[in-house]
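What follows is a short report on a single structure.
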Amino acid sequence: MTFLITCPNCGPREALEFSFGGETTRRASPSATDRELAAALYFRRNVNGWQTEWWVHQSGCRAWFLAERHTTTNEIRRTYRPQDRPRDEEQEAAPA
Ligand SMILES: [Zn+2]
């Protein structure tokens, strides 16, 4: 199954041109406990609904960007460059 993803640089393209980079995560604070650090590194929300994710246009401009995708329908309501993300999401870590 394929769907369209709008690259912020290239416009709408088949999803086959992109690679998934995972859902965005929050960095653990410098004073985090071992448990908090492990949770930040290894646990994901895995939501059924809208989630913000990292994608890379692997077969195109090779740029990393963020996409808001519905995990059930694969509908993408918004894509944007990391520097254009809302301020409340700035603490989220980049993909490994
Ligand atoms: Zn692109």
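Worth pointing out:
- For the chain, relative contact order (Cα pairs under 8 Å, six or more residues apart, normalised by length) works out to 29 percent.
- Extension gain from His70 to Gln83, taking 0.36 nm per residue of separation minus the Cα-Cα distance: 2.5 nm
- Counting 0.36 nm for each residue step from Asp34 to Ser59 and taking away their Cα separation leaves a gain of 5.2 nm.
- Across the range 58-67, coupling constants 3J(HN,Hα) worked out from phi with the 6.51/-1.76/1.60 Karplus curve, θ = phi - 60°, read 4, 9, x, 7, 6, 8, 7, 8, 10, 9 Hz, and Gly and Pro carry x.
- Think of each Lys and Arg Cβ as +1 and each Asp and Glu Cβ as -1; about the Cα centre, that makes the dipole of the chain roughly 40 debye.
Any read-out appearing in this document is the output of simple, stated calculations on the displayed coordinates, not a laboratory observation. What you see is a predicted model, and the numbers here were worked out from it, not measured in a lab. In this analysis, Cβ positions are derived from the backbone assuming ideal geometry, glycine residues included, and neighbour counts consider all displayed protein chains.
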